Every structure is written in structure tokens, then in C-alpha cells.
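Undergrad: Input: one structure, supplied below.
Read the figures in this text as sums done on the coordinates, not as results from a lab. It should be emphasised that the depicted structure is a prediction, and the values quoted were computed from it without experimental measurement. Quick reminder, even Gly has a Cβ in these numbers, built from the backbone with ideal geometry, and neighbours come from all protein chains shown.
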Amino acid sequence: GADIIETNTFNGTSIAQADYGLSDIVYELNFEAAKLAKKACDDHFRETGKRCYVAGAVGPTNRTASLSPDVNNPGYRATSYDELKLAYREQVLGLLDGGADILLPETTFDTLNLKAALHAIADVEEERAEKLPLMLSVTITDLSGRTLSGQTVEAFWNSVRHCKPLSVGINCALGAKEMHPYIRELSRVADCFISCYPNAGLPNPLSLNGYDETPESLAFQLQLMADEGIVNILGGCCGTTPKHIQKIAELMQSTKARPQGQTFAKGMKLSGLEPYNFSWGEVSNFVMIGERTNVTGSPRFSKMIKEDRYNDALTVARSQVETGANILDVNFDEGMIDGPQAMTKFLNLLAAEPDVAKVPVMVDSSKWEVIEAGLKCLQGKPIVNSISLKEGEAEFLRQARLIQHYGAAVVVMAFDEQGQAVTRDEKVRICERAYRLLVDKIDFDPADIIFDANILTVATGMEEHDNYAVDFIQAITEIKKRCPEVYTSGGVSNLSFSFRGNNKVREAMHAVFLYHAVRAGLDMGIVNAGMLEIYEEVDPE
């Protein structure tokens, strides 16, 4: 009674097959598996007139990109994003060429592995100029409701929703009863179909099938989900037999599926180990991006990195989160530092600190290779800071497409081929041009766009700089009118560089500036979260 059958290719990558010395025949394994499954569907159609579909099973591999297998070396990884992406590409090509109708990356225990798979699939889609039907499935490993790599269900969805799948769901580990609350949570946040195919309960060597759930008990638990209206696609994973599938199919004959067309909250949806969703509309909370893990903004942090004191550097990150930073800005742009290597090492170590890794990361660099190094380390949904039109439209769109494939939001600086926008009108013009390119040319989600209209230094002694802060404040109001759904940001400390060394004045300036800028539409800013003064408490003198 199944409508979709999976190919027997769960371990069909060169990485997993290396254990058996079979990496060189991976394409063939996937091609033949899809071909066999397709033949079974075609035969069934000829016999019964019922159309069935082949889902090309894409497993998680036997490696994890987010966790170290060595407890004494938390920064070590047994595989890399690039290695995973290459392996998944080979598997996907074999499945598609063999006749798979759907691609099903399943049993995801590390979202970074899945993001590498999704990137490989996006590359294949671009080459073939087609959108492939995609079903995603995550596995929740225990009753904490998190993946093995530590993400909550909603954080997982925020990390992968950029691929616009046909469905998202949960499979394997827990039985249907234990999965129910997590399916409910996924149904609440995901704007696509919802799937659930659990194991037949927990393994039990004394039971008939080696698992606890009978066909009747498993079908009953799935029926409860269906009656609640939170699922569209149901089935079975480990320990389920044809009888389990048959019973599920029979019970679902008269059940209504989860309705489509539900309204989901607008806004940017980021994640670390936990979700971070931006509010949208008239009232928005100012989001603080911690700036102390930035070698260009913190001499102390820079010294730690140069001296290879990464554990001390992690305490800086922890302190930023503890003092209120909602997002961590991480930057290694310094001549004496190997940017890609430092970014990779720091973010890999950060992943082992759940109290810090819970927040999203802003990967901050003026060098594209450093940004990419950072994106390859993050299982959550980060922000890239930044891209601009400085090198022309072609390069701007190339980088933006890659950011889409990595599943990140982006800061766009108000720069173009002529240089940095200084006046209110220049800021608005460049941001509107960038918006049209991103949204119209490559279908970039406007809620994932953040415009930085350049907070420039005032009180330099040069008269033409006097109105810079006001120009910025007026520009962001206009940008948000002309560019629906976007957000705005800025590096607040730039404002007061003229007063370096005089923190009392600097903090007062920042408080007054933010008081007016937030009311004008500033959504976030790179700040030292522990040193923000409250406007009403600024000493008038």
C-alpha cells in the first residue's frame, strides 16, 4: 500500500563505502538501486494502475562535520564540508540517472552534513536547470528533542528551509509516540508538507521482529498524529515490515492530511543550536550583535588569536552571549592571521560550547575565502557580513547565489562601483539597486537581506562629516519603505571613532544615536553588548 518506496542506498556514498573498499563503484550502486526500484514501481503500475514513486535514499554518512570524534581535541573533524559535498554529488547523480523521482536525505543527525548534501543538490539543479522534488528527514536521538549535533527541531528547520523542500519530517530513532511532540513542533514552523516514518518502537531482541511495536500499535500512534492534522506523509523505518506498512495504509484511507495554505510568521529565521527568529512589522526589538570576537574591533581578542590562545578567545565569546549578544560577529581580518585557518579553528571549537553555540553566528570578513571557510563550519543558519556592488553586478550575484546555497542570510553594504555611499540619497539608491538584483534575478528571500547603510564617524573636525549620523537615520527609514521585508544594521562604534579613549562620551553618543535610529527602523547593530548605556540614564553634561 505504499505510495513511495526508498532505494536501498542509505550508505551509498564514497565516504561510507570506504569501510568496505567499494568507494569506486558508488555511482553504479546508486544507479542500479534506483533502476531496480523504478522497475518495481512500473511493474506495479502495469498490474494495478496505481502510480508509485521512487525516493532516492541519501543517508547521513558515518562521519559528522559538526562534532569531533576525539574528546581530547574538540576542534578536530573526521570529514569536511567539501568532502561531504563531493560524495553527495556522486550519489545524487547515480540516483537521478537511475530514475529516482524524489531525493530523500534522511536520518539527519548533523545538520551540517545535510547542508553539504543540499549544496550538492543545488549545484546539480543549476546544471540541469530544474527544481528537483526534495524530501528532508531529521532524526531526534533522545527525549531532549535535539539532534545528535545538538539542534532543536525549529533550529534545524531554520537551517535548511532555504532549499524549499517538498516535505520535511522526522524518521528513525524514537518510536511514534515519543516523536509526536516533535512532529507537532515541526508542523507549527514548516511551510511545506510534513512526513513521519518512525522505527517500530525501540529495539528488543526478545520480540518477534526485533522491535516492540506491532503493525496495529504503530499504526494507532500514527493515526493520532493524522487525526491532529499535523502530518501529510507516513511510513515506517527500522523494524517495520510489509504488515506495518499495510496497516498504516489501511488506517489512513479515510484520514484528512495536514492542510496546506497555513499562514506562517514573516521575518528572518536564524539559528545556532537554537532558533533565533526576528520579529516583523511595526514593533521590532533591537538585536545586539556581539563585536568582541572581532580582531579588528578588539585588540585583546586579536592578541589571543595571534598567541594561539583559543580557549581564552572562547571565553570572550561566552562573555558576549552572557551580557546580551543575540548573535556573535566573528572576524579574523588581520595581516598577521591566516584568516581561513583561524575562522575554521575558532568556529569548530565554538561548536563544542553549547552555551555559546546556541546563538547564530555572523561570519564577518572582507575576504570571500574567509567567509566561505566560516560557512563550511556552521550547522545553523548564519549571517554573512558582507557583500556589495563594489566589484560589479556579476560578482555580487555570484556571491549571493553561493550564500543561498550555504543557507545564510546576508548583510549588503551600501557600496557600489563608485565607492561608499555617504549621503542619504546615495545610501537609498545603492540599497534599492541591490535589492532589485537579489530579489528579481536570483529569488533571494527579502527577509534574509540586511542593509548596512554605513554608520560613518561624526565630529572629526571636518564640516562635511557633521550630518553623517542623521543621513544614516533618515536613509534607513526610506530603505525599508522601498525594499519590503528587509532589515537594517550598522557598526555602531564607527560613529564615535573621533573619541577613541574616552569611553564615557562614546557610550553616551551610542545611546543617543540608537535611541533615534531604532525608532527610524534600525533592526540590529554590531555593539559591545556589555557597554551599552540606556538613553534615559545618559548624563546630560
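Undergrad: Which Cα, out of Asn326, His405, Pro205, lies furthest along the positive dipole direction of the chain (beta carbon charges, K/R +1, D/E -1)?
TA: Checked the options; the winner is Pro205.
Undergrad: Can you give the log10 of the normalised intensity I(q)/I(0) at q = 0.13, 0.20 Å⁻¹, computed with Debye over equal Cα scatterers of region 434-509?
TA: The Debye formula, applied to the Cα set alone, gives -0.50, -0.85.
Undergrad: So how do 327-339, 493-505 stack up, highest first, on mean other-Cβ count within 10 Å?
TA: Top of the packing list down: 327-339, 493-505.
Undergrad: Separate question: With charges only on Cβ, +1 for K and R and -1 for D and E, what is the dipole size of the chain about its Cα centre, in debye, rounded to 20?
TA: 780
Undergrad: Another one. Within region 1-101, list the trypsin sites (Lys or Arg not before Pro) lying in a DSSP loop whose Cβ has at most 11 other Cβ atoms in a 10 Å radius.
TA: The qualifying sites are Lys50, Arg51.
Undergrad: Excluding residues fewer than 8 places away in the same chain, name every one of the lysines whose C-alpha is closer than 25 Å to that of Lys177.
TA: By straight Cα distance, Lys177 reaches Lys243, Lys247, Lys256.
Undergrad: To continue, here is another question. Enter the mean projected area of the convex hull around the alpha-carbon atoms of region 353-408, in nm², rounded to one decimal.
TA: Mean projected area of the Cα convex hull: 3.7 nm².
Undergrad: Let me ask another. Given bins 10 angstrom wide, list per bin the percent of all Cα-Cα distances in region 249-402, short to long.
TA: Percent of pairs per bin, in order: 10, 34, 29, 15, 7, 4, 1.
Undergrad: Based on the mean of other Cβ atoms within 10 Å per residue, sort peptides 443-453, 248-258, 396-406 so the most packed one is first.
TA: With the highest mean Cβ count within 10 Å placed first, the list reads 443-453, 396-406, 248-258.
Undergrad: Nearest 20 debye, what's the magnitude of the dipole of region 383-515 about its Cα centre given +1 on Lys and Arg Cβ and -1 on Asp and Glu Cβ?
TA: 280
Undergrad: Can you show me the helix-derived [θ] at 222 nm for the chain, built from DSSP H runs with n ≥ 4 at -39,500 (n - 2.57) apiece and divided by the number of residues, rounded to the nearest 500.
TA: Calculated mean residue ellipticity at 222 nm is -12500 deg cm²/dmol.
Undergrad: Sticking with this structure for a sec: Whole angstrom only: what separates the Cα centroid of region 200-274 from the Cα centroid of region 319-386?
TA: Using only Cα atoms, the two centres lie 37 Å from each other.
Undergrad: Now, a different point. Given the options Phe396, Asn494, Met225, identify the residue whose Cα lies farthest towards the positive end of the charge dipole of the chain (+1 on Cβ of Lys, Arg; -1 on Cβ of Asp, Glu).
TA: Sorting the options by dipole projection puts first Met225.
Undergrad: With a bin width of 20 angstrom, please list the P(r) values of the chain as percents of all Cα-Cα pairs, from the 0 bin to the one holding the largest distance.
TA: For the chain, the pair-distance distribution reads 21, 51, 24, 5, 0.
Undergrad: Could I ask something else about it? Could you work out Rg/(2.2 N^0.38 Å) for region 326-455, with Rg from alpha carbons only?
TA: 1.07
Undergrad: Which GluC sites (Glu not before Pro) from region 394-433 combine a DSSP loop assignment with at most 14 other Cβ atoms within 10 Å?
TA: When the GluC sites (Glu not before Pro) of region 394-433 are filtered for loop state and at most 14 Cβ neighbours within 10 Å, Glu417 remain.
Undergrad: If you place +1 on the Cβ of every Lys and Arg and -1 on the Cβ of every Asp and Glu, how big does the dipole about the Cα centre of region 307-386 come out, in debye to the nearest 20?
TA: 320
Undergrad: Along each of its three principal axes, how wide is the spread of alpha-carbon positions in region 390-541, in whole angstrom units, largest first?
TA: Each principal axis gives a Cα extent; for region 390-541 these are 51, 31, 27 Å.
Undergrad: Looking at this model, which pairs from Lys306/Lys381; Lys131/Lys367; Lys85/Lys381; Lys303/Lys345; Lys266/Lys480; Lys164/Lys266 are more than 20 angstrom apart at the alpha-carbon?
TA: From Lys306/Lys381; Lys131/Lys367; Lys85/Lys381; Lys303/Lys345; Lys266/Lys480; Lys164/Lys266, over 20 Å: Lys306/Lys381; Lys131/Lys367.
Undergrad: Take every DSSP beta bridge whose two residues both sit in the chain, then give the antiparallel share in percent to the nearest 5.
TA: Expressed as a percentage, antiparallel bridges in the chain total about 15.
Undergrad: For region 269-373, what's the relative contact order in percent, using C-alpha pairs closer than 8 Å and at least 6 residues apart?
TA: The value is 32 percent.
Undergrad: Normalised by the residues of the chain, what does the relative contact order come to in percent, with Cα pairs under 8 Å and at least six apart?
TA: Taking the mean separation of contacting Cα pairs over the length of the chain, I get 10 percent.
Undergrad: For a quick size check, give me the Cα extents of region 1-81 along its three principal axes, largest first, whole Å.
TA: 58, 25, 17
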